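K.L.:
Just passing along the structure, written as structure tokens.
The values are calculated or read from the model by the stated rules, or taken from the named source; none is laboratory data. Just so we're clear, the structure is a prediction, and the values are computed from it rather than from any experiment. No Cβ is skipped: glycine too gets one built from the backbone with ideal geometry, and neighbour counts run over all protein chains shown. Areas reflect the complete protein model, heavy atoms only, side chains present, ligands, DNA and RNA absent. Shrake-Rupley method; radii C 1.70, N 1.55, O 1.52, S 1.80 Å.
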Amino acid sequence: MGQYKTKLGLIGAGTIGKRHLQAIAEVTEAEVVAIVDTDPLAESIAIESNVGFFASVSQMLKDKQPEGVIVCTPTEVHLEPVLSSLEYNAHVLVEKPIAPSTEEAQQIIESSKRFNRQVLVGHHRRYSEEIQQTKRVIENGVLGELVGITGIWAVRKADSYFEPEWRKQRTSGPVLINLIHEIDLLRYLCGELVSISAKTRRGLRSHPKEETAAVLL
């Protein structure tokens, strides 16, 4: 008798979706049973992975009834796939950020409670060994009382990074897409936020989203 595998549905087979497929292929506890994408080209990924392909989230949920769903769509279309998956009694891993607004995030939280399903946001940096060690050092009090953290994360994005239309929108600005990693790590290591103030600016590429930000947490 073979080992039971948790059945997962993948919604969104773009850059991050492919990373999830690769990771799941390396474990024995779970398997992807279906891929959902509005791009017909993604069907080749499903064929290669030997799983079902759907253009409709609701049809996939109805036909395959996965126990868990991974949502890898652009941020502005997180809400409906997450709510639909919860309604079909699937636990959800949704890529960060959870939603483009606090209102949509609250809807997800309330739906999770209503259907008694878990929602995990894909803040993968929490699970790196460096961060786990840092948290242990802070909690053990080895260095004394924590009064501040200073760090730098710097990278140059290739021009192609900014070409997709969804990356130009307000819902895909660097605060939600990039800085959210650091905000999450600060909350994880230091505790919950109690106050915040910020200034943002745009204009370098004439996109609706912010391009620089200064934040005091």
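K.L.:
Between GLY9, GLY2, GLY14, GLY52, which is farther than 25 Å from ARG114 by Cβ, touching a strand residue (DSSP E or B) at 6+ places or on another chain (Cβ under 6 Å) and not acidic (Asp, Glu)?
P.N.:
Checking each option against the conditions leaves just GLY52.
K.L.:
Just to be sure I understand, how many residues within the range 126-144 are acidic (Asp, Glu) and surrounded by fewer than 10 Cβ atoms within 10 Å (Cβ to Cβ)?
P.N.:
2
K.L.:
Restricting the range 150-194 to residues that are free of Cβ contacts under 8 Å to residues at least 12 places away in the same chain and closer than 19 Å to ALA105 by Cα, which is most open to solvent (accessible area, probe 1.4 Å)?
P.N.:
Top of the filtered list is VAL194.
K.L.:
Would you be able to say whether some residue in the range 155-172 is within 30 Å of THR73 (Cβ to Cβ), modelled with pLDDT of 90 or more, assigned to a helix (DSSP H, G or I) and not β-branched (Val, Ile, Thr)?
P.N.:
Looking for residues that are within 30 Å of THR73 (Cβ to Cβ), modelled with pLDDT of 90 or more, assigned to a helix (DSSP H, G or I) and not β-branched (Val, Ile, Thr), one finds none in the range 155-172, hence no.
K.L.:
Take ARG201 and decide whether it is more than 30 Å from GLU87 (Cα to Cα), touching a strand residue (DSSP E or B) at 6+ places or on another chain (Cβ under 7 Å) and open to solvent by 100 Å² or more (accessible area, probe 1.4 Å).
P.N.:
Criteria met by ARG201.
K.L.:
Show me the helices (runs of 4 or more DSSP H) found entirely inside the range 19-105 where at least 1 residues are of a type in the set (Val, Ile, Thr) and free of Cβ contacts under 8 Å to residues at least 12 places away in the same chain.
P.N.:
43-49
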